[in-house]
Every structure is written in structure tokens, then in C-alpha cells.
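All of the numbers you see were taken from the coordinates with simple rules; none came from a lab. Only a predicted model underlies this, so the values are computations on that prediction, with no experimental measurement involved. A quick note on method: Cβ atoms are made from the backbone with ideal geometry, for glycine too, and the neighbour counts reach across all protein chains shown.
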């Protein structure tokens with residue numbers, strides 16, 4: 001079976017993706033910053049190789065032995081407040097890693113057939129009248145805000161692989177819902193105390209995707225040679241913040257919760273500039289990937305939460 005070189009493999013999505021790909025019969029080489037020789041796994045389908053983006057270093061054998069690359073590397077956007085230093089880390093963790101991969105593919109003999117790269121729906125900015133009705137499509141211009149600029153630079157850093165005659169597929173991820181970690185965990189926290197925390201008015205639209213569907217989507221791009229270019233990685237049915245919060249509350253608590261709106265000014269005090277993103281409405285269209293033949297297992301939030309959250313006990 002083919003070998004996939006994975007960047008960002010130790011994060012929430014990457015860790016889940018490793019297991020998913022191994023179950024499908026693939027071999028995985030995970031690029032890590034630590035000493036790869038000290039890492040070990042009982043599973044012979046996983047191996048580790050060292051890279052250091054800051055020092056512009058990468059294991060040449062890893063590049064030479066892989067058939068595909070899935071590129072997920074990038075600092076967590078929501079992990080810390082957006083100070084000037086943090087913004088620089090967010091951008092450079094994406095652009096420099098992409099540039100290193102491009103140079104490596106150019107300089108190191110390899111047989112890489114395709115590169116599948118993460119991106120984000122932050123490309124689009126806030127909803128317009130048109131997008132609120134039909135959703136943002138892949139050919140929409142990038143936003144002028146911080147995330148829009150970041151995503152534009154991110155995608156630009158990996159685009160040159162096409163000049164090396166490598167098939168490139170870029171997925172703009174929506175909010176990824178997973179059983180452990182990520183956005184859903186943040187929604188869960190206040191519910192542990194019986195509080196359903198609706199952000200501001202709660203009408204802002206969230207374009208999301210179940211982590212199982214995201215992993216299937218990445219593999220779909222690997223296995224289908226007709227897939228190239230940019231695609232939105234979002235479920236067919238976006239949902240409002242209020243609907244997501246209340247649906248999760250009912251799954252976790254039954255009737256035993258109190259809905260509460262968190263004022264915008266409180267979010268701004270806590271999150272700073274990042275509050276713009278949690279208050280922003282972004283309706284994103286998934287027609288392009290569905291027209292390419294992909295079918296979602298989790299098209300609606302109810303179906304997704306049923307698989308991710310245990311029913312409340314009565």
C-alpha cells in the first residue's frame with residue numbers, strides 16, 4: 001500500500017487522521033520536530049521523521065520514500081490571544097512549512113504523486129447578502145482581515161508544487177467537530193455546569209464538518225486523480241451558533257440546562273481581536289466537492305452530534 005507523509009500529524013486532526021489512514025491500509029510517515037529516532041510505535045505502519053521549519057531542515061529519506069503528502073501543519077489559531085507575536089507565529093507556521101515542502105520536492109528526488117493541503121474558510125470573511133443565501137464558493141476573493149490575509153499567504157506557499165507537476169488539492173476547512181478537543185470541547189465546557197452559552201445573539205452561521213468526513217475527504221483526494229484545486233471542506237447544512245449550542249445542550253443535559261447569551265463586549269474583553277471570528281457569520285458552499293462525487297456521512301448537526309456526544313441519561 002502507498003505511503004503518506006503527514007505534517008501536523010500530532011494535532012487533533014492529524015492524530016485522528018493517522019488512525020483513519022492506517023485502518024485503510026496506508027503506511028504513514030509523521031514529520032515531527034522532536035528527535036524522530038526516540039519515537040516508537042507498536043504499529044509497523046507508522047514511522048517518524050524529523051523536520052525543523054525554523055532551521056529549514058527535513059529528512060530527505062522521508063520525502064524520497066513517500067507517495068503522497070498531506071500537509072496539516074500550522075499553529076492553532078484559537079489557542080492564544082492574537083498579539084503581534086502570535087499573529088507572526090500563526091502566519092509563519094503555515095507559510096514557512098509550505099515553502100520548505102516545495103523546496104524539498106524540487107531538490108530531493110521523489111515520486112510524490114499528489115499533495116493535499118489544509119487551508120481554512122477564514123479566506124472568505126463575513127457573510128454578504130449573496131453568501132448568506134447561496135454560501136461562499138471557492139472562487140470568491142479573499143477577505144482583507146487578518147485571517148483572510150493569512151489563508152491567502154498559506155495557500156500561496158504551497159501552490160508552487162503545481163509547477164513541479166504534482167497534483168495539488170487544497171481544502172478550506174470549516175470548524176472541525178470531534179469527540180475530543182477542538183471547537184466542540186469549548187462548547188461543552190459551560191454545559192458541564194448546566195449553562196448553554198450562546199455567543200452574542202447566536203444568529204451567526206457556523207460552517208462546520210465532522211472529523212470523520214474530513215478524514216474521508218482527505219483520503220478521497222488522495223485516491224481520486226481527478227481531484228485538484230481548491231475545495232470547501234464543510235458539511236452541507238451550516239448551523240447558527242444558537243442552534244449548535246442548544247442541540248449540544250439537549251444531547252448532554254436533556255432538559256436540565258439554562259440558555260444564556262454571552263454579550264459581545266464580554267467576548268471582546270476575553271478574546272480581543274479573535275472575538276471577531278466567533279461573532280462572524282460565514283455561510284460556505286460545499287457544492288463543488290459534492291459534484292466531484294463525495295458523499296457526506298454527517299450532513300446535519302443532529303446526525304453529527306449523535307455520533308460525537310453520548311445521549312443524556314434520564
Using only the alpha-carbon atoms, how far is helix 12-23 inclined from the longest principal axis of the chain? Give it as 0 to 90 degrees, nearest 10.
60
Based on the alpha-carbon gyration tensor of the chain and its eigenvalue square roots a ≥ b ≥ c, which shape applies: rounded if a/c is under 1.5, prolate if not and a/b is larger than b/c, or oblate?
prolate
Output row, site residue 80, 7 Å Cα→C-beta label point, backbone N cut-off 16 Å, window region 87-115, residues 87-94
Peptides ranked, highest mean first, by Cβ atoms within 10 Å: ranges 222-234, 3-15:
3-15, 222-234
Can you tell me which of 280, 44, 27 moves the most in a GNM of the chain? Springs connect C-alpha atoms under 10 Å apart.
44
Helix 241-253 axis, angle to the chain major axis (alpha carbon atoms, nearest 10°)
80
Using DSSP, restrict attention to beta bridges with both residues in the chain and report what percent are antiparallel, rounded to the nearest 5.
10
Could you work out the helix-only [θ] at 222 nm for the chain, with each DSSP H run of four or more residues adding -39,500 (n - 2.57) and the total divided by the number of residues, to the nearest 500 deg cm²/dmol?
-11500 deg cm²/dmol
Separation in nanometres of the label points that stand 7 Å from Cα toward Cβ, at residue 203 and residue 237
2.2
For a label point 7 Å from the Cα of residue 290 along Cα→C-beta, name the residues of region 234-273 whose backbone N is under 15 Å from it.
234-239
Hey, quick one: spin label on residue 271, modelled 7 Å out along Cα-Cβ, who in region 126-142 has an amide N within reach, i.e. under 20 Å?
126-128, 132, 136
Taking the alpha-carbon centroid of each part, what is the distance from region 5-26 to region 92-153 in angstrom?
20
For the chain, find the longest principal axis of its Cα atoms and tell me its angle to the long axis of helix 182-191, 0 to 90°, nearest 10.
30
